[in-house]
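Single-structure report; data block below.
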Amino acid sequence: MPAIPSALRRTPRRTVALTVAVIGVIALAGCAAGGTGGAEVPQVLTYLDAEVPTSAQVQESGTWQTRALQQNVTDRLISRNPETNELEPWIAESWEQSADGLDYTFVIRDGVTYSDGTPLDVNSVKKNLEWQSAGDPDNGVSANGQFPADITVTVDEAAREVHVHLAEPYAPLLNVLSSWSAGLVADATIDAPYEEQTQFINLIGSGPFVVTSETYAQEIVLTRRDGYAWAPQSSENQGEAYLETLTWIPVEEDSVRLGTLTSGEAGAIRYVEPSEEASLSAQGYHVQSKTGVGLSNQWFLRPTTVPLDDLAVRRAVSHAIDREAILEAIYTDNWSAATSPLAPGTDGYVDESAKFAYDPVQAADLLDEAGWTRKDADGYRTKDGERLHLKTYVDVYDNTAKSLFQHVQAQLKDAGIELELDELDYSSYWGTAFADPEVGFLRVGWPHPDSGVGLAEYYSADGSDLLGLDGSDSTLEELLQQQYTLVSPADREAALGRIQDYLIDNAYVLPILNDSQVIVTRPEVEGFAFTDGALPSFYNVKITS
């Protein structure tokens, strides 16, 4: 079983019973908001997420819902403009990089404080960088795997400069510093015992919201940070958030989230069934979607699993799937077919779609070439008396996954390939699905601040080794490792292109869809936006009526 990175670990979904209890909480929150009265519209919002936030410990910020919360509570040295995908100043008002890629100088913005009143100055940045890079073994805190391991950090307080020296070039550094997992936190958070760090109430950042109460798996309340005045330069709002409070509630059931939104008890929800989108838009609801920078929604085709150990079979599978037909049947314009292991707009992205285009004739020829020439009574191809059979588990993190997988199953049947679909609950999915030696492929793919780090986390022997190659493909290993040290942006972009070429040419990876996040807000909720990583930003949200 490959090691599952913390970025992929999830916690169990809540039970329906808990969901029912939560609705009571929502109703109470709504009454409290309405009770403020007066001519002004209460700036309070209840947001329903589809999943339970997990550990708030910064280096463990792997789940989408955890990142989403951290995004609204912490700031980072660097911001990525969600419209242009360009890096821009944030807490670091400027930076310089040496030509050899070994030294960085960051000038730290003056006057920034954490919500506990302590300064976010050069010494705080130094402490955060060292903590991220090395972790805190005595406190059970692991290093952030996205950070370089060997760094030296010094400061010049008078010049407000932080100097970072690397033992060897690390090209992803600036991207990593823009990541949700690089959120800057106060000494009180860093110095707290590990168990306290896992609680959001102890996540002390410098962001526009402050966590003021937390009931695990039921409700987290964020309150506007008084005096906030250091948003990224591209933000229209450079002052405090407009919302006074933001109540964050996890609710698993699609129908419960939707009903709570339409009844007015919630102002925003994540995920509706695509079939609901047009109706909601027609009623004035805002249906917003974004594909974040990083990795596309993709299936790895494990070459260590029979019959995917045959390249011809892997290629046949890739040509047997008609993504456009699936989009037409299930999805809306808020979704799109993946064209590469990377999402469009991501650093180094290359359109590889022609190499895995739907082509049933080519799929049939490849299966003939592989010796799967006969068909049984059910229409499935056979070889040496064995049926051409694949097995996977339905992804548990996407509310459209079951329909998607069933459509793929039908399309593969047309090609003579039997796809066995099994299901697991939320809590057992990663542990069981990845350990099953019969599983030929699973769904992976999420936004990531650095595409090279994301690909290496999935496919290198030092990462999760999802392909199960254990380093035996030396070419792939070399490609994945080489891109880390390429200082020239052009050289690194070319290297990322070669990785995508190799993954597709060897049919190791089958891109399916670009990973879309869909948020629906009520008509009176204005200003909602996504970050570059398709995380929700409530900083500019206003309630208009």
Within the stretch 301-315, can one find any residue that is closer than 21 Å to residue 518 by Cβ, polar (S, T, N, Q) and open to solvent by 10 Å² or more (accessible area, probe 1.4 Å)?
no
Within the stretch 415-429, restricting to residues that are open to solvent by less than 20 Å² (accessible area, probe 1.4 Å) and not in a loop (DSSP other than H, G, I, E, B), the one that is nearest to residue 464 (Cα to Cα) is 429
Which number in (1) more than 32 Å from the chain's Cα centre (by Cα); (2) buried (at least 16 other Cβ atoms within 10 Å of the Cβ); (3) over 20 Å from residue 308 (Cβ atoms); (4) among the small types (Gly, Ala, Ser) marks the one condition that residue 379 misses?
(2)
For the stretch 65-91 the number of residues that are open to solvent by less than 10 Å² (accessible area, probe 1.4 Å) and touching a residue at least 60 places away in the same chain (Cβ under 8 Å) is 12
Residue pairs within 7 Å by beta carbon, gap of at least six or interchain, first lying in the stretch 505-533 and at positive phi, second part of a strand (DSSP E or B), listed first then second, are 507/301; 527/542
For the stretch 127-140, does any single residue satisfy the condition of being assigned to a strand (DSSP E or B) and modelled with pLDDT of 95 or more?
yes
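Of all residues in the stretch 320-337, which are in a helix (DSSP H, G or I), farther than 16 Å from residue 515 by Cα and open to solvent by 10 Å² or more (accessible area, probe 1.4 Å)?
Filtering the stretch 320-337 down to residues in a helix (DSSP H, G or I) leaves 320, 323-330.
Filter once more, keeping what is farther than 16 Å from residue 515 by Cα: 320, 325, 328-329.
Within the stretch 320-337, 325, 328, 329 qualify.
Report whether or not residue 217 is among the aliphatic types (A, V, I, L, M), open to solvent by less than 30 Å² (accessible area, probe 1.4 Å), outside any strand (DSSP E or B) and closer than 16 Å to residue 92 by Cβ. It would help to see each step written out before you state the result.
On the way: among the aliphatic types (A, V, I, L, M): yes; open to solvent by less than 30 Å² (accessible area, probe 1.4 Å): yes; outside any strand (DSSP E or B): yes; closer than 16 Å to residue 92 by Cβ: no.
Criteria not met by residue 217.
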I need the full set of residues from the stretch 276-292 which are in contact (Cβ under 8 Å) with a residue 60 or more places away in the chain and touching a strand residue (DSSP E or B) at 6+ places or on another chain (Cβ under 6 Å), in order please.
277, 280, 285, 286, 287, 288, 289, 290, 291, 292
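Which residues, counting only those in the stretch 466-493, are open to solvent by 50 Å² or more (accessible area, probe 1.4 Å), of a type in the set (A, V, I, L, M) and not in a loop (DSSP other than H, G, I, E, B)? Break it down into steps so the answer makes sense when it comes.
Of the residues in the stretch 466-493, the ones open to solvent by 50 Å² or more (accessible area, probe 1.4 Å) are 470, 472, 474-475, 478, 481-482, 485, 487, 489-491, 493.
Retained after the next criterion (residues that are of a type in the set (A, V, I, L, M)): 487, 490.
Within the stretch 466-493, just 490 meets the criteria.
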For residues in the stretch 152-201 being among the β-branched types (Val, Ile, Thr) and within 25 Å of residue 217 (Cα to Cα), which is surrounded by the most Cβ atoms within 10 Å (Cβ to Cβ)?
185
Leading residue by the ranking (nearest to residue 394 (Cα to Cα)) among those in the stretch 430-444 that are crowded, with 19+ Cβ neighbours inside 10 Å and among the small types (Gly, Ala, Ser)
433
Matching residues in the stretch 398-410 - criterion: being of a type outside the set (S, T, N, Q), under 17 Å from the mean Cα position of the chain (by Cα) and either under 20 Å from residue 309 (Cα atoms) or surrounded by 17 or more Cβ atoms within 10 Å (Cβ to Cβ) (or both):
398
Being touching a His at 6+ places or on another chain (Cβ under 6 Å) and either in contact (Cβ under 8 Å) with a residue 40 or more places away in the chain or crowded, with 16+ Cβ neighbours inside 10 Å (or both) narrows it down to one residue among 454, 463, 497; which is it?
454
Kindly list, by first and then second residue, each pair from a residue in the stretch 94-108 that is touching a residue at least 24 places away in the same chain (Cβ under 8 Å) and at negative phi to a residue that is hydroxyl-bearing (Ser, Thr, Tyr) and assigned to a strand (DSSP E or B), limited to pairs with Cβ atoms under 6 Å and residues at least 6 apart or on different chains.
97/104; 107/94
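Being under 21 Å from the mean Cα position of the chain (by Cα) and either buried (at least 16 other Cβ atoms within 10 Å of the Cβ) or in a loop (DSSP other than H, G, I, E, B) (or both) is the requirement here; does residue 252 meet it? Before the answer, list the steps.
Values: under 21 Å from the mean Cα position of the chain (by Cα): yes; either buried (at least 16 other Cβ atoms within 10 Å of the Cβ) or in a loop (DSSP other than H, G, I, E, B) (or both): yes.
Answer is yes for this residue.
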If you take the residues of the stretch 382-397 that are modelled with pLDDT of 95 or more and not in a strand (DSSP E or B), which of them is most open to solvent (accessible area, probe 1.4 Å)?
384
Qualifying residues in the stretch 516-529 (those that are surrounded by 20 or more Cβ atoms within 10 Å (Cβ to Cβ) and closer than 27 Å to residue 339 by Cβ) - the one modelled with the lowest pLDDT
516
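Within the stretch 52-76, how many residues are in a loop (DSSP other than H, G, I, E, B) and in contact with a helix residue (DSSP H, G or I) (Cβ under 9 Å, 6 or more places away or on another chain)?
At the first step, the residues of the stretch 52-76 found to be in a loop (DSSP other than H, G, I, E, B) are 52-57, 61-63, 74-76.
Restricting the remaining residues to those that are in contact with a helix residue (DSSP H, G or I) (Cβ under 9 Å, 6 or more places away or on another chain) gives 52-57, 61-63, 74, 76.
Summing the residues that are in a loop (DSSP other than H, G, I, E, B) and in contact with a helix residue (DSSP H, G or I) (Cβ under 9 Å, 6 or more places away or on another chain) in the stretch 52-76 gives 11.
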Name every residue in the stretch 121-151 that is in contact with a strand residue (DSSP E or B) (Cβ under 9 Å, 6 or more places away or on another chain), among the aliphatic types (A, V, I, L, M) and buried (at least 18 other Cβ atoms within 10 Å of the Cβ), in order of residue number.
122, 125, 129, 151
Could you please tell me which pairs satisfy a Cβ distance under 6 Å, a separation of 6+ or placement on different chains, a first residue in the stretch 368-394 that is free of Cβ contacts under 8 Å to residues at least 12 places away in the same chain and over 17 Å from residue 420 (Cα atoms), and a second residue that is in a strand (DSSP E or B) and polar (S, T, N, Q)?
374/382
Which count do you get for residues in the stretch 169-213 that are assigned to a loop (DSSP other than H, G, I, E, B) and β-branched (Val, Ile, Thr)?
3
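May I ask you to verify whether residue 234 is modelled with pLDDT under 95, open to solvent by less than 20 Å² (accessible area, probe 1.4 Å) and more than 30 Å from residue 327 (Cβ to Cβ)?
Working: modelled with pLDDT under 95: yes; open to solvent by less than 20 Å² (accessible area, probe 1.4 Å): no; more than 30 Å from residue 327 (Cβ to Cβ): yes.
No, not satisfied.
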Just to be sure I understand the filter: pairs with C-beta atoms under 7 Å, separated by 6 or more residues or on different chains, first member in the stretch 187-215 and under 16 Å from residue 142 (Cβ atoms) and at pLDDT 95 or above, second member among the basic types (Lys, Arg) and open to solvent by 10 Å² or more (accessible area, probe 1.4 Å). Which pairs pass?
190/127
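The values are calculated or read from the model by the stated rules, or taken from the named source; none is laboratory data. What you are looking at is a predicted structure, and each value in this text was computed from that prediction instead of being measured. Note that we place each Cβ from the backbone using ideal geometry, even for glycine, and neighbour counts take in every protein chain shown. Quick note on the areas: whole protein, heavy atoms, side chains included, nothing else; ligands and nucleic acids left out. Shrake-Rupley method; radii C 1.70, N 1.55, O 1.52, S 1.80 Å.
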